[in-house]
1. Filter the range A:1-45 down to the residues that are among the polar types (S, T, N, Q) and under 15 Å from B:VAL63 (Cα atoms) and list them by number.
2. Any idea which of B:LYS94, B:LYS127 is within 20 Å of A:ILE8 (Cα to Cα), under 18 Å from the mean Cα position of the chain (by Cα) and more than 8 Å from chain A (Cβ to nearest Cβ)?
3. Tally time: how many residues in the range A:46-69 are more than 7 Å from every other protein chain (Cβ to nearest Cβ) and touching a residue at least 12 places away in the same chain (Cβ under 8 Å)?
4. Considering only the range A:82-91, state which residues are among the charged types (D, E, K, R) and more than 7 Å from every other protein chain (Cβ to nearest Cβ).
5. Do we have A:ASP79 as open to solvent by 30 Å² or more (accessible area, probe 1.4 Å), within 9 Å of chain B (Cβ to nearest Cβ) and over 18 Å from the mean Cα position of the chain (by Cα) here?
6. Criterion first (at pLDDT 95 or above, within 9 Å of chain A (Cβ to nearest Cβ) and in contact with an Asp or Glu (Cβ under 8 Å, 6 or more places away or on another chain)) does B:LYS72 satisfy it?
7. Scan (1) in contact with a strand residue (DSSP E or B) (Cβ under 9 Å, 6 or more places away or on another chain); (2) farther than 17 Å from B:SER91 by Cα; (3) exposed (fewer than 15 other Cβ atoms within 10 Å of the Cβ) for the single condition A:LYS121 breaks and write down its number.
8. Applying the selection to the range B:97-137, what residues are part of a strand (DSSP E or B), touching a helix residue (DSSP H, G or I) at 6+ places or on another chain (Cβ under 9 Å) and in contact (Cβ under 8 Å) with a residue 40 or more places away in the chain?
2 protein chains.
Amino acid sequence: MKKNLSKIKLQRIDNHVNFVATNETDNSILMDGSPAIGGKGNGVRPMETLLMGVAGCASIDVVLILKKMKQKIDDLQVDVEAEKIKVGDVSEYKTINLHFTLSGDIKEKKLAQAIDMSLKKYCSVSKILERSSKITSSYTLNP
Amino acid sequence: MKKNLSKIKLQRIDNHVNFVATNETDNSILMDGSPAIGGKGNGVRPMETLLMGVAGCASIDVVLILKKMKQKIDDLQVDVEAEKIKVGDVSEYKTINLHFTLSGDIKEKKLAQAIDMSLKKYCSVSKILERSSKITSSYTLNP
């Protein structure tokens, strides 16, 4: 059976801790270290990519599930807030909350159900991160 | 004690599954869904952010550890290759290999040691992902 391989390339771009990471469709992100090691805030920090990943993954699910439920989304935003703790030499997210803000012709019950289905069943990134973090969600509908 | 909070904002930018995710220093990445759900390859896919994260995290460590060891790095690149498998409804990376390519005035033993220290001890993203993936490494020095 053919293996399903994902490939990422990362290149150092200066004399410090700045890098550009590129995927197979040539989309790239700038990465930087934390201020503690001299990072200047001109990139995404590696641990932050995890939060971006779970927000993106859950949002894709929520959009697709609500579409199937014939709900009309005008706008979607997610605010992720995560508590970072030190465990020995490394950092971990103790908690990760995803707050969804949606507007549109959407029934509240359907939205709650879509978020729940994503985080509990379909979102791969969430399933990976929940082994080390408590992942929760909340929402605002038509603020 | 003050909590150490990390915040990410994600905004839907079209009528499909394209989003922009932004960190607190205003660095953003474009995200897109997989081709299977209509993604057009104009962004990073959520699962790919994890691979970018581990590559960035380990590279920062390797740069800093080699600096401490008085090694001179001229160039650093990492090629990540991960095998994605389906586990029920979600995807997982069964394996993740980071191949480091460095050039510079670097002793091979020090490079091997730096990579090992990062993945086994200091890289937070690696420590999180190793709960669901087998993470390995390899390297080429002065190709």
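The values are calculated or read from the model by the stated rules, or taken from the named source; none is laboratory data. A quick note: this is a predicted structure, and the numbers were derived from the prediction, not measured. Ideal geometry is used to build each Cβ from the backbone, glycine not excepted, and the neighbour counts take in all protein chains shown. Surface accessibility is based on the protein's heavy atoms, side chains included, excluding ligands, DNA and RNA. Shrake-Rupley method; radii C 1.70, N 1.55, O 1.52, S 1.80 Å.
1. Let us first name the residues in the range A:1-45 that are among the polar types (S, T, N, Q), namely A:4, A:6, A:11, A:15, A:18, A:22-23, A:25, A:27-28, A:34, A:42.
A:GLN11, A:ASN15, A:ASN18, A:SER34 - these are the residues of the range A:1-45 that are among the polar types (S, T, N, Q) and under 15 Å from B:VAL63 (Cα atoms).
2. Step by step, each of B:LYS94, B:LYS127 is checked, and only B:LYS94 is within 20 Å of A:ILE8 (Cα to Cα), under 18 Å from the mean Cα position of the chain (by Cα) and more than 8 Å from chain A (Cβ to nearest Cβ).
3. Total meeting the criteria: 7.
4. Within the range A:82-91, just A:LYS86 meets the criteria.
5. Answer is no for this residue.
6. no
7. (2)
8. Listed by number, the residues that qualify are B:LEU98, B:PHE100, B:LEU102, B:ILE135, B:THR136, B:SER137.
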